[in-house]
């Protein structure tokens, strides 16, 4: 006997939508999430933000519907839990408050979403440099508003955070964007397809119009980012546009270069992944139901490739249909027919991605840093050290890791893996999937030992 | 020297808790993560690395581990993943971590 029919990891849009529909179909569902409440990063804290924080925007509050439907459902939610291992027989090992537990299921859905792409530049490790997503999390969960910030990088989230800050009465002093005319030219060929998602395009245009009207300075084609700490703790942020060098003094540089799929769990399971050129990241290989080569493990939402919240909701429900089919609760035909509406939603939501991926393609200096720019923040390894090691040994990510310690710190490669891939590729090397071993998040030896003292769960 | 926060001072009217950071009294709002509370309190670094570089929370979502802090005697806690509680005792981690109570630089 297992503890559930389905264990879902991640309570963002994909995980919530999947949990609700699986439970409506009569499946016993356990939903695990690291946060203290449902919503994921995009709808973070939406269930408790009824205090007129309207500056967060309509799209944010759309998440309420899912959060409320989830709380009415029979889904067993376990919040504040970190999954650190999944075994082949689908036993999921998770930790909460320093104690580990094991839950077993017939199926597992990974809905672990995305993280912001690591965006190294000289000084990105200094206090005062944060991600734009971090600033948004602080607005959503702590009412903290960045004052006189500089938003730097590219991508839709940069504009959204700018508008949220302007509406909240703390406009950024500048938006420094890395995208160039060349990006816009490359993206233009995907524009006709993006028209299928005309509502999303219109929302983007509205954000840009709002920023223009607000009078916040915008710089484009910016490069050579650098942050330096001043004696008073403020930062001097410098960058170059065409032939001019600019310097801005600010307490906060909020950096962003898009988001990338979180693949630590799927990689730790030994599932197949491939390098995706337009997203510049490794993605797990799944079929049109989100099914991996292990038919009892599905992946939905941004964790299987960046698509945004709407696509995540659709893919979560589609994965559940396939699971219900495997459990014998739906016939082949029923599964296929029930998926039509969500397939249409998925197709429509994904139509804008090639356009966005091309328009906000990260600059080379961020993808493949050089010089003294820190690559591994945990072990404090600079780009030049990585490049030297690569020149000497000429090998892949494993050798770089063992000879420099990059990736051996507590973040377990979450910050340095992609920049190292970028450096490898800029040196003409092939992308090689970095291995992930459990525990995929650090736990104490004591916690590990205490697991052995308990009898293992029924199998 | 304590520097003012990089964030705008928050409105009152939300229930608060009192904690200490390196022995100094620090007030936070209910629902704050430890990392958010430290950011709201001061612009100072929340830790120093083994090589002595200053750091503060970076990603706020459990990815980067730059917000590590000692909470009630337990080292290496992710500040962004831990909610504040009344009476919490926080300590910044500066430099190499000690092992079994032995300071690494002894």
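Descriptive notes on the structure:
- Considered as a group, the residues in the stretch B:58-67 that are facing chain A (nearest Cβ under 7 Å) and in contact with a strand residue (DSSP E or B) (Cβ under 8 Å, 6 or more places away or on another chain) include one that is surrounded by the most Cβ atoms within 10 Å (Cβ to Cβ), and that residue is B:60.
- For the criterion of being over 15 Å from residue A:10 (Cα atoms) and assigned to a strand (DSSP E or B), residue A:101 passes.
- Among the helices (runs of 4 or more DSSP H) confined to the stretch A:291-367, the ones with at least 2 residues that are out of contact with any strand residue (DSSP E or B) (no Cβ under 6 Å at 6 or more places or on another chain) and under 18 Å from residue A:271 (Cβ atoms) are located at A:309-326.
- Helices (runs of 4 or more DSSP H) wholly inside the stretch A:381-459 that include at least 2 residues being within 24 Å of the chain's Cα centre (by Cα), closer than 27 Å to residue B:76 by Cα and at pLDDT 90 or above: A:417-426
- In the stretch A:162-177, the count of residues that are more than 24 Å from the chain's Cα centre (by Cα), modelled with pLDDT of 95 or more, at negative phi and in a helix (DSSP H, G or I) is one or more.
- Within the stretch A:200-214, the set of residues being without any contact (Cβ under 8 Å) to a residue 40 or more places away in the chain and under 18 Å from residue A:359 (Cα atoms) comprises A:202, A:205, A:206, A:209.
- Any chance residue A:133 is within 14 Å of chain B (Cβ to nearest Cβ), over 18 Å from residue A:419 (Cα atoms) and touching a residue at least 40 places away in the same chain (Cβ under 8 Å): yes
- Identity of the residue in the stretch A:76-112, surrounded by 22 or more Cβ atoms within 10 Å (Cβ to Cβ) and touching a helix residue (DSSP H, G or I) at 6+ places or on another chain (Cβ under 6 Å), that ends up farthest from residue B:79 (Cα to Cα): A:107
Results for (1) in contact with a strand residue (DSSP E or B) (Cβ under 6 Å, 6 or more places away or on another chain); (2) more than 17 Å from residue A:262 (Cα to Cα); (3) within 13 Å of chain B (Cβ to nearest Cβ), shown as yes or no for each residue.
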| site | (1), (2), (3) |
| --- | --- |
| A:405 | no, yes, yes |
| A:408 | no, yes, yes |
| A:411 | no, no, yes |
| A:416 | yes, no, yes |
| A:421 | no, no, no |
| A:424 | no, yes, no |
| A:429 | no, yes, no |
| A:437 | no, no, no |
| A:443 | yes, yes, yes |
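- The stretch A:43-80 - residue that is within 11 Å of chain B (Cβ to nearest Cβ) and assigned to a loop (DSSP other than H, G, I, E, B) and, of those, farthest from residue A:103 (Cα to Cα): A:51
- Residue ID - farthest from the other protein chains (Cβ to nearest Cβ), chosen from residues in the stretch B:17-50 that are within 25 Å of residue A:380 (Cβ to Cβ) and part of a loop (DSSP other than H, G, I, E, B): B:22
The values are calculated or read from the model by the stated rules, or taken from the named source; none is laboratory data. The structure displayed is predicted, hence computed values, not measured ones. Backbone-built Cβ (ideal geometry, glycine too); neighbour counts: all protein chains shown.
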